[in-house]
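Please treat every number below as a calculation from the coordinates, not as lab data. Note that the coordinates shown come from a computational prediction; the quantities given were computed from them, not determined experimentally. Glycine also receives a Cβ, built like all others from the backbone with ideal geometry; neighbour counts cover every protein chain displayed.
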Amino acid sequence: MPRSLTIEDPQWPTRYAKMVASAKAAVQRIKPGQRVFLATGAGVPQALVRAMIQDRARLADIEIVILFVAGDLPLAMKELSDTFTLNTFFVVDNVRSMVQAGLADYTPIHMSDIPRLFASGHLPLDVAMIQVAPPSMDGNVNLGVSVDVVRCATENATLVMAQVNSRMPRTHGDSTLSIWDLDLLIPAEEPLPEMILPTPDETMERIGRNIAALVPDGATLQMGIGRVAQLAIQYLTGKKNLTVHTEMISDSILDLMASGAISSQEKSPDAVQVVTSFALGSRRLYDAVQDSLLFSFRRTEYINDIGTIARQQRMVAINSGLQIDLTGQVCVDSLGSQFYSGIGGIVDFNSGATAAVDGRAIIALPSTARKGKVSRIVSRLTPGAGVALNRGVVHFVVSEHGTAYLFGKTIQERALALIGIAHPDFRVRLLKQAIKLGYVRPEIGEVNGQIWVGGRELRTSMVLESGQLITFRSSRPTDWKAVKKMLYSLSEGTVYRRFMSHVRRFPFNKLKNFTFIDQRRDVVVVGVVADDKNERIVAIGGYNVAEDATNQAEVAFLVRDDWQGQGIGTFMMRHLANVARNAGLAGVTAETLTDNRPMQAVLEKCGFAVRTRMDGETVHFDIDF
């Protein structure tokens, strides 16, 4: 087991007196025209930043390079832009207005490529300003909660000055530097910047639960820098044997660890529960990582290496996007031509996760922005928007309205899947635009406003005696091909008993009645057996509300021949009856042929009062709630 990191050298100011300087004296070593790197997130050396501002009369044309800085960044002021030019790899609140005004620069780049910029000399660094914990007895300092690209910047800068802060926790991993790797030590104790995650609203809760459905036990997690990904993991507390390999951790990781969901260390190549490159949260998080063997802070070259990511067990990458078009192109760093965020590690982890055995790459986003006024799922990206993930590499897309799986799907399948998880207020408009662009067949336009996917109340499941799980959910526009496949698999007798005629063709005009449904009124559910990527429909049923004043609906259902006789029809009938009753209907009706005894038996066992009457070769059922 690694030796404790907590033994501080109480004599370090004397022992390294020649290296010790005040912040004011340190920044006087900076020359006009130089490029200065600032450490990331909570590791920014605020004392040195303040000293640079105080010395601005002497300085000129200083380029400040940052990944991103937490908390206040007083350098990001219009009044200082003639002296200090910011160059950021990630656009966050404290620099966004400056970038959008053209007073600061943004460098779009994959996270994994930033260390190469420094090491290759493509972006040479004159000065690195970092923050460390006080020197230990063995002559080392510790980068604490910010290792990421800081480690590489320190190794490649001509002059390295470190603010020594006793409030910086010592961490395990690649965090330790020799004191002789530094040039100046600046004693300055002050609190680390903190980030408090907001309380999840209903939209975030639904996104989190949809993500949780995609995360298997034993998965390795990555959570992107965005708020959505960081909040989503609190809905994984019911999972088992998770580990973490990610760029960033926040306070949400502590609750997940406390729940016992993160527990497996043996399967991690690093033999720890959480491998990360920086931490940004509250003091609670900083105290938790202090000298903890459960955490390993590694440099970006390792964390974001696609090969390393691909070697993780069941790698699940959770990242967020700003906008996605109906073909699957994802924009993450701009709103049109206005830069808003950064590329970060989304490309690295999307590539690594999809290459990993049983890996999954998830893009999560609320379906709307600006308080519901605009859709984030669009027919075309806003002009100027940058595509971080092209349509060929996107797998899972999650909103609060469901999950769309895009990989290997046609443009039509993608468009319908994404329309299905868009906000209901925008679905009809998106469908019309998709038809106009030629993404989907024109006949789909005949469905008018009937694209309203049912909610969680329609979901249920049953386990057959064989142990096979069947999940029932509302039908979706993307189901029409699977429904067609099921219908053509039926025997002639099953088709005749269901449709009361010898139907031989199922054109789109018939299929749309099963999949393009306004499920606020009518209901169609499908029974599927599947993994999360491929589903087979083995049963389908639903009801249509009568147009008269009876407050009843006509119910019908169908089970594939090779799945009949296992209780599926009875289960589905009871489920539909309960859904209809909960929707306020007075009852349901049904019709069968007189020789269709299996169907009649199912209706008679529905659990409600049943009345029947004969009409020639037809038996009519009235089921009252």
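Please state, rounded to one decimal and in Å, the Kirkwood hydrodynamic radius that segment 457-624 gives when every pair of distinct Cα atoms enters the mean of 1/r.
16.3
Go through ILE211, MET573, ASN509 and say which Cα lies farthest out towards the positive end of the charge dipole of the chain; charges sit on Cβ, +1 for Lys and Arg, -1 for Asp and Glu.
Projecting each Cα onto the dipole axis, the largest value belongs to ASN509.
Averaged over every viewing direction, what's the projected area of the C-alpha convex hull for segment 192-280? Give it in nm², one decimal, please.
The orientation-averaged projected area of the Cα hull of segment 192-280 comes to 5.6 nm².
Got a sec to turn the phi values of segment 273-278 into Karplus ³J(HN,Hα) couplings, 6.51 cos²θ - 1.76 cosθ + 1.60 with θ = phi - 60°, whole Hz, x for Gly and Pro?
With the stated coefficients, segment 273-278 comes to 7, 10, 10, 8, 10, 7 Hz.
Quick check: from the Cα gyration tensor, does segment 563-609 come out rounded (a/c under 1.5), prolate or oblate?
Oblate is the answer for segment 563-609, as a/c is 1.5 or above yet b/c matches or exceeds a/b.
What is the local net charge at LEU184, summed over the other residues whose Cβ is closer than 11 Å to its Cβ (Lys, Arg +1; Asp, Glu -1)?
With Lys, Arg at +1 and Asp, Glu at -1, the neighbours total +1.
Using each residue's phi in segment 372-386, evaluate 6.51 cos²θ - 1.76 cosθ + 1.60 at θ = phi - 60° and report the 3J(HN,Hα) Karplus result to the nearest Hz, with x for Gly and Pro.
Residue by residue, segment 372-386 yields x, 7, 10, 8, 7, 9, 10, 6, 9, 4, 4, x, x, 5, x Hz.
Multiply the residue separation of THR14 and ASP217 by 0.36 nm, subtract the distance between their alpha-carbon atoms, and state the gained length in nm to one decimal.
Separation in residues times 0.36 nm, less the Cα-Cα distance, equals 67.9 nm.
Specify, per residue and in Å³, the volume enclosed by the convex hull of the alpha carbon atoms belonging to segment 125-242.
Hull volume over Cα atoms, normalised by residue count, gives 140 Å³.
What distance in nm separates the simple spin-label points at ASP93 and ARG58, each placed 7 Å from Cα in the Cβ direction?
Those two pseudo-labels are separated by 3.4 nm.
Given charges of +1 on the Cβ of Lys and Arg and -1 on the Cβ of Asp and Glu, with all other atoms neutral, how large is the dipole of segment 335-455 about its Cα centre, in debye to the nearest 20?
420
Based on the mean of other beta carbon atoms within 10 Å per residue, what is the order of 500-509, 229-238, 381-390, most packed first?
Answer by packing, highest mean first, reads 229-238, 381-390, 500-509.
To check you understand DSSP bridge types, tell me what percent of the beta bridges within the chain (both residues inside) are antiparallel, rounded to 5.
In the chain, approximately 50 percent of DSSP beta bridges are antiparallel ones.
Where the centroid of each part is defined by its Cα atoms, how far is segment 546-625 from segment 48-74 in Å?
Measuring centre to centre over Cα atoms gives 73 Å.
For segment 202-440, treating each Cα as an identical point scatterer without solvent, what Debye log10 I(q)/I(0) comes out at q = 0.09, 0.10 1/Å?
Evaluating at q = 0.09, 0.10 Å⁻¹ gives log10 I(q)/I(0) of -0.36, -0.45.
Hey, what's the per residue convex hull volume over the C-alpha atoms of segment 12-187, in cubic angstrom?
Enclosed volume per residue, from the Cα hull, is 106 Å³.
Report, in listed order, any pair from LYS239/LYS512; LYS31/LYS78; LYS373/LYS432; LYS371/LYS432 with a Cα-Cα distance greater than 27 Å.
Distance filter (> 27 Å) returns LYS239/LYS512.
At a 10 angstrom cut-off on C-beta neighbours, averaged per residue, how do the peptides 570-576, 583-589 rank from highest to lowest?
Highest to lowest by the protection proxy: 570-576, 583-589.
I need the P(r) histogram for segment 88-157: all alpha carbon pairs, bin width 5 Å from 0 out to the longest distance, whole percents.
Per 5 Å bin, starting at 0, the Cα pair percentages come out as 3, 14, 18, 19, 20, 14, 6, 3, 1, 0.
I need the phi-derived Karplus couplings for segment 149-155: 6.51 cos²θ - 1.76 cosθ + 1.60, θ = phi - 60°, integer Hz, Gly and Pro marked x.
Those phi angles translate into 8, 5, 4, 5, 4, 5, 6 Hz.
Collect residues whose amide H, placed 1.01 Å from N in the peptide plane, falls under 5 Å from the amide H of GLN34; neighbours closer than 5 in sequence don't count.
GLU63
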